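The values are calculated or read from the model by the stated rules, or taken from the named source; none is laboratory data. Everything numeric in this text was worked out from a predicted model, so none of it was measured. Cβ: placed from backbone, ideal geometry, glycine included. Neighbour counts: every protein chain shown. Ligands, DNA and RNA are stripped out before the accessible areas are found, and what is left, the full protein with its side chains, is counted by its heavy atoms. Shrake-Rupley method; radii C 1.70, N 1.55, O 1.52, S 1.80 Å.
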Amino acid sequence: NWTMARFLDQEIARIRDLVGPEGQVLGAVSGGVDSTVAAKLMKEAIGDRFWAVLVNNGVMRLDECEQVERDLKQHLGINLTVIDASKDFLEGLKGLHDPEQKRKFIGGKFIDVFEAEAQKIEEAAEKSGKGTKIGFFLQGTLYPDVIESLSFKGPSATIKTHHNVGGLPERMTNGQGLQLIEPLRSLYKDEVRELGRTLGIHEELVMRHPFPGPGIAVRILGEVTEEKVRIGRQADHIFISEIRKAGLYDQISQAYAAVDPSRAVGVMGDKRVYGYIIILRAVTTTDFMTAEAFNFPWEFLQRVMNRIVNEVHGVSRVTYDITSKPPGTIELE
Ligand code: XMP
């Protein structure tokens, strides 16, 4: 794409100019489209003077952390450090039932973990001989995020705490004195995807559905336990794999399997068993402000149901959430 190639050249030149020949940059990555495209752009601009950090918060999807590490390190050659804080997160989530408390805990813990690690990275960066100390912080902010944060003072802001909007950038800039770099802040999502392709990021990653910062913690209703994490991950993996196999992934904006902690009865052999209820959700939307449930073929839903009840131990029912937004939101919490 001609326009994107030009945007890329200009942005790389601007970043090189801003950072200088010695400056180093720190950034958090999640494996999502925005942070990956921003990170790859940084890699192109300043190589290993860009330091990416991925925090495993224990509520990523099945094998997701390993997958993201492979994509960013091997495939994209990004200078990445992975921090496994999953045990701390899962420990801290114990006893938390309220969705906003869960979000607040994960957001706050993320900042603590990141800040502690940032210090180590800064020391490593200084010793590496790659340049001077870290002076910049990368943020994959998009144009719609800019708009949203401008209107964030309104009452709708209190509906949900989106931890990736505030928090970390504020701490790294005002707290740590780093200068913010936001190479995507003039772009819409489809332009970021196009830029990703221009940067040679593979199609599967470029087309990835958005995934919330608090991860599957907001897809497990109520308290997060290790058992529910296992069940949610396995069910979600089956659902998404079947969606891919059926060639439906790109027609859907976002899809996942959630865990309802109420137990419903089922029969296994000749015994009554009580198991969790899986709620499948898949929506189409252009702006994520309104959305419709995806109209799956019946046979598809039956296939997914069969696989989940047979392959995921501890599940007795599978339901499909057909609620539109509004009134339903995309996430269940
Ligand atoms: P809702 O559920 O509000 O979701 O219809 C709209 C979009 O926002 C994502 N979402 C979040 N993203 N932290 C995030 O980073 C959050 O706490 C959060 N809650 C919802 C959701 O996945 C959808 O794309």
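Taking all Cα pairs closer than 8 Å and separated by 6 or more residues, the relative contact order of the chain comes to 17 percent. In order along region 180-196, the phi-based Karplus estimate (6.51 cos²θ - 1.76 cosθ + 1.60, θ = phi - 60°) of 3J(HN,Hα) comes to 6, 10, 10, x, 9, 5, 9, 10, 8, 3, 5, 6, 5, 4, 4, 4, x Hz; Gly and Pro are listed as x. Heavy atoms only, probe 1.4 Å: what % of the accessible area of the chain goes to carbon and sulfur, would you let me know? Roughly 52 percent of what the probe reaches on the chain is carbon or sulfur.
Treating the angle as unsigned and between 0 and 90°, give the value, to the nearest 10°, between the Cα long axis of helix 226-245 and the longest Cα principal axis of the chain. Approximately 80 degrees, to the nearest 10. Taking label positions 7 Å along the Cα-Cβ direction at both Asp48 and Asn306, the computed distance is 5.2 nm, reported to one decimal. On the beta carbon distance between Lys87 and Lys133, with R0 = 25 Å, the FRET formula returns roughly 0.20.
Fully extending the segment from Trp298 to Gln74, taken as 0.36 nm per residue of separation minus the present Cα-Cα distance, adds 76.7 nm. If Lys and Arg each add +1 and Asp and Glu each add -1, what is the summed charge of the other residues whose beta carbon sits under 15 Å from the beta carbon of Gln176? Net charge around Gln176: -4.
Put simply, the amide H of Ala258, placed in the peptide plane, has neighbours under 5 Å in Ile279, Leu280, Arg281, leaving out anything fewer than 5 places away on its chain.
Calculated mean residue ellipticity at 222 nm for the chain: -12500 deg cm²/dmol, from DSSP H runs with n ≥ 4 weighted as -39500 (n - 2.57), summed, divided by the residue count and rounded to 500. Residues whose amide H lies under 5 Å from that of Leu180, counting only those 5 or more places away or on a different chain, are Phe137; hydrogens are built 1.01 Å from N in the peptide plane.
Near Ala291, the amide H atoms lying under 5 Å from its own belong to Lys325; only residues 5 or more places off or on other chains count, and H is placed 1.01 Å from N. The order of the peptides 70-77, 241-248 by mean Cβ neighbours within 10 Å, most packed first, is 70-77, 241-248.
The residues packed around Arg281, meaning those with a beta-carbon under 13 Å from its beta-carbon, carry a net charge of -4 if Lys and Arg are +1 and Asp and Glu are -1. Residues in region 135-142 carry Karplus couplings, in order, of x, 9, 10, 8, 9, x, 5, 9 Hz; the curve used is 6.51 cos²θ - 1.76 cosθ + 1.60 with θ = phi - 60°, and Gly or Pro positions show x.
Across region 260-276, coupling constants 3J(HN,Hα) worked out from phi with the 6.51/-1.76/1.60 Karplus curve, θ = phi - 60°, read 8, x, 5, 9, 10, 7, x, 10, 10, x, 10, 10, 7, 10, 10, x, 5 Hz, and Gly and Pro carry x.
Within a straight-line Cα-Cα reach of under 19 Å, Lys325 can be paired with the following lysines, leaving aside sequence neighbours fewer than 8 residues apart in one chain: Lys160.
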